[in-house]
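Below: the structure, in structure tokens.
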Amino acid sequence: SLSMLAWLWVSAALGVPALGNLLAHLSDPLPTERETVQELARLDHLVSSQFPGEGTWRQSQWAAADGFALEQISAQAEIRRAALHEEQRRALLTRKLAQARFARRLSLASPVALLQEVAERLVGAGLDRDQNFLAQAHAFRAVLSAHLHDLDVRDPQSPHLEFFSGYLSRRPLDPARMPRFQFREATLAEGTAAAAPSLALLAIQTLALAAAAVFVFRRLEVE
């Protein structure tokens, strides 16, 4: 009975997390690096076909004669290309986080994985922190872009081709007025609230293991 109990503990502590990772990978396999590169190349070709003649960047004094006509096309193409690439990256990151969360949920049958889940939620680490960081970084990127856009709009001498080197406002930036990224960590209250379900599950697992241990010892005493 003790050997069986020890085998069950080792299986739950080591085998369940590994099985969870395997099942999560099989349920939604992520694209390989080669497939990702091929998809980005396909998007680049799509943009090139939509904007014939893109890729032309002349010096500002020469391009100003026709109102930066060729550069306007190139800028639109680059903006479209960057948007498609960003969409591809965000979709891949979303799938990675979803896969990791699915693997973590499957591994919660393991007391070791469950204890790690409780600790990460209490201190604001792990997957929750990664997802929170991405959300805050994306929000800050929008704020920074809006700030640079406002600075460029106020300069009448700027070609207003955002955000391409040599075609923006050349006015010096004021570092004191530039927005700064400040990552907001989860508070202790937020971490405690997030860990409450995992703590309850850990308590149930602990009681179940304790009951199993008591049953084993009583059986040995009877024999």
>> Quick check on this structure: which one of 181, 164, 215 is part of a helix (DSSP H, G or I), over 21 Å from residue 119 (Cα atoms), out of contact with any strand residue (DSSP E or B) (no Cβ under 9 Å at 6 or more places or on another chain) and among the aromatic types (Phe, Trp, Tyr)?
In response: 215
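If I go through the stretch 165-174 residue by residue, how many of them are open to solvent by 40 Å² or more (accessible area, probe 1.4 Å) and either farther than 19 Å from residue 80 by Cα or touching a residue at least 12 places away in the same chain (Cβ under 8 Å) (or both)? Can you show your working first?
Just the residues of the stretch 165-174 that are open to solvent by 40 Å² or more (accessible area, probe 1.4 Å), to begin with: 165, 168, 170-174.
Right, trim to either farther than 19 Å from residue 80 by Cα or touching a residue at least 12 places away in the same chain (Cβ under 8 Å) (or both) and you get 168, 170-174.
Total satisfying the criteria: 6.
Quick check, is residue 219 of a type in the set (D, E, K, R), touching a Leu at 6+ places or on another chain (Cβ under 9 Å), open to solvent by 50 Å² or more (accessible area, probe 1.4 Å) and at pLDDT below 90?
no
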> Limited to the stretch 39-74, what total is found for residues that are assigned to a helix (DSSP H, G or I) and open to solvent by less than 60 Å² (accessible area, probe 1.4 Å)?
Replying inline: 13
> For the stretch 87-114, which residues satisfy the criterion of being in a helix (DSSP H, G or I), touching a Ser or Thr at 6+ places or on another chain (Cβ under 9 Å) and farther than 29 Å from residue 139 by Cβ?
Replying inline: 111, 113, 114
>> Can you list residue pairs whose Cβ atoms sit under 7 Å apart, with the first residue in the stretch 126-141 being closer than 28 Å to residue 114 by Cβ and of a type in the set (A, V, I, L, M) and the second being in a helix (DSSP H, G or I) and open to solvent by 60 Å² or more (accessible area, probe 1.4 Å)? Count only pairs 6 or more apart in sequence or on different chains.
In response: 127/101; 134/93
> Right, residue 199: closer than 30 Å to residue 68 by Cα and either open to solvent by less than 90 Å² (accessible area, probe 1.4 Å) or among the hydrophobic types (A, V, I, L, M, F, W, C) (or both) or not?
Replying inline: no
> What residue, among those in the stretch 15-38 that are outside any loop (DSSP other than H, G, I, E, B) and open to solvent by less than 50 Å² (accessible area, probe 1.4 Å), is nearest to residue 97 (Cα to Cα)?
Replying inline: 24
> Filtering the stretch 75-97 down to residues that are among the basic types (Lys, Arg) and more than 30 Å from residue 23 (Cβ to Cβ), which residue is least open to solvent (accessible area, probe 1.4 Å)?
Replying inline: 81
> When the residues of the stretch 158-205 are filtered to those that are over 17 Å from residue 127 (Cα atoms) and among the acidic types (Asp, Glu), which remaining residue is nearest to the chain's Cα centre (by Cα)?
Replying inline: 162
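Can you give me the number of residues within the stretch 130-145 that are within 20 Å of residue 186 (Cα to Cα) and aliphatic (A, V, I, L, M)?
Counting residues in the stretch 130-145 that are within 20 Å of residue 186 (Cα to Cα) and aliphatic (A, V, I, L, M) gives 4.
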> Which members of the stretch 47-83 meet the condition of being in contact with a helix residue (DSSP H, G or I) (Cβ under 7 Å, 6 or more places away or on another chain) and either within 23 Å of residue 142 (Cα to Cα) or β-branched (Val, Ile, Thr) (or both)?
Replying inline: 47, 56, 77, 80, 81
> Looking at the stretch 138-155, is at least one residue in contact with a Phe, Trp or Tyr (Cβ under 6 Å, 6 or more places away or on another chain) and not in a loop (DSSP other than H, G, I, E, B)?
Replying inline: yes
> Does residue 32 fit the bill of being in contact with a Leu (Cβ under 7 Å, 6 or more places away or on another chain) and not hydrophobic (A, V, I, L, M, F, W, C)?
Replying inline: no
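The values are calculated or read from the model by the stated rules, or taken from the named source; none is laboratory data. In this text the structure is predicted, and so the values were computed from the model without any measurement. Virtual Cβ from ideal backbone geometry, glycine too; neighbours counted across all protein chains shown. Only protein heavy atoms, including side chains, enter the accessible area calculation; ligands, DNA and RNA are left aside. Shrake-Rupley method; radii C 1.70, N 1.55, O 1.52, S 1.80 Å.
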